[in-house]
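This report concerns only the one structure given below.
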Amino acid sequence: MRRLRAQERLRKRVIGVLLWTLTATIFIDVAVGFVFRLPSDPRVAGTALQNYFDYGRSIEGKLRRLVGMTPGSAAPIVEAGWLAKECDIGTTSVPGKIGFDIYGMSFTNQIADHMEGLDNELASTRFGGPAAPPNHSYACFLRRVAENRTLAPVQIIGILASSVRRMVTISGLTTSFEGPMPFTYPRYALTRDGQLEGRMSSISTEDDLRSALGDPQKWRAFKEDLSAADFFYSKAIFEEDAFDRSVVARMIRRALGQRVINSRTDALQTKTGFSGAPEIMTVLRAMLLDFAHKARERGSRPIVILIEDRGYGGTISTRLVPTLQESGIEFVSTSTLVAANDSGNFVADGHFTPRAFDKIAQSVVKLLRREPRVQSSAQ
């Protein structure tokens with residue numbers, strides 16, 4: 001009898017300890033979440049600790065905060081990259097200067113900065129989005145051509161190796177779990193007769209996004225678009241749920257988010273390039289050929305910059321250079337100028353050092369100043 005009573009007391013003590021531990025964990029979870037909550041205004045950047053404890057929130061949860069309640073109250077990233085905003089403009093010509101339009105992302109913007117710094121007779125108009133993939137740049141160029149916008153005499157498109165994986169996405173949301181980028185763009189495929197065909201989501205502007213977040217039917221349609229056409233979409237890390245309210249659960253989901261994106265990236269690429277998804281390079285080659293053809297039809301000179309950033313040395317140049325050479329498309333490959341596997345060529349945020357950007361810009365300026373090997377006419 002005494003033994004049974006002792007066992008019962010022990011059982012109660014164990015249950016008591018477990019309950020107190022659970023209560024303390026919940027209290028700490030709630031307290032940390034309250035103390036390190038992000039600012040209510042999405043335009044105000046959070047501190048390092050605030051961001052750290054929020055990184056694991058679902059993509060949808062982050063997005064609802066970033067968009068804000070009304071137009072003008074959104075975080076800057078929400079406004080960036082939309083095709084209708086970034087591309088529905090003509091080139092601004094500057095008297096006495098050689099104009100060039102450049103399509104891409106922050107890398108191409110910095111290359112343009114250095115080009116203009118090296119040669120004051122150059123003037124650029126930039127078109128791009130955050131870490132924009134080639135399908136965004138190509139869609140931007142097509143949009144300008146279709147709307148008969150004024151084009152500069154030189155048309156430059158930059159292909160960033162680390163963004164090539166996004167060719168199988170339709171939004172910047174799914175490959176940027178910790179910092180969602182909501183702009184959208186088409187995912188292209190080749191039809192049976194070899195023509196490029198783009199599939200766009202139901203959301204194409206910031207206003208569309210805000211409207212969809214307030215309309216369950218529209219939001220469900222967008223998630224269906226992602227599920228059907230976006231290789232990186234994962235319901236587990238995308239959809240908002242009760243776990244968004246827990247710091248501990250968010251930290252667990254952060255690890256899951258990193259694992260999902262890394263595993264899907266690894267499934268696409270190998271050391272020899274994006275051989276895990278052969279259609280990527282097939283479509284990219286078709287894009288570049290069509291870009292050059294249409295630029296020449298409009299009397300402009302096409303140039304391609306192959307940008308191999310940290311860890312991506314040789315992944316795109318080995319697969320694209322032969323096509324560019326065979327088609328007479330002028331190009332600059334950073335792999336011949338800046339080693340992608342040398343950490344000394346990069347700064348902390350992953351961009352090239354100023355010295356490396358200068359090398360690349362010098363090569364592009366030298367090419368631009370040369371007489372084109374292929375005249376600006378339709379092929």
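Computed from the coordinates by the stated procedures, all read-outs in this text should not be read as laboratory data. From a predicted model like this one, the values you see are computed outputs, not experimental measurements. Glycine also receives a Cβ, built like all others from the backbone with ideal geometry; neighbour counts cover every protein chain displayed.
Overview of results
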{"quantity": "0 to 90° range, to nearest 10: angle between helix 278-297 axis and the chain longest Cα axis", "calculated": "40"}
{"quantity": "Share of pairwise Cα separations in the range 111-251, more than 18 Å, in percent", "calculated": "65"}
{"quantity": "Coordinate range along principal axes, alpha carbons of the chain, Å, largest first", "calculated": "101, 45, 43"}
{"quantity": "Shape call, the range 172-251: gyration tensor on alpha carbons, a/c limit 1.5", "calculated": "prolate"}
{"quantity": "Angle between the chain longest axis and helix 354-369 axis [Cα atoms, degrees, rounded to 10]", "calculated": "30"}
{"quantity": "Between helix 134-146 and the chain: long-axis angle, C-alpha atoms, 0 to 90°, nearest 10", "calculated": "50"}
{"quantity": "Only Lys, Arg (+1) and Asp, Glu (-1) charged, at Cβ; the chain dipole about Cα centre in debye", "calculated": "1800"}
{"quantity": "Positive-pole candidate from Thr150, Thr184, Gly96, dipole of the chain, charges at beta carbon", "calculated": "Thr184"}
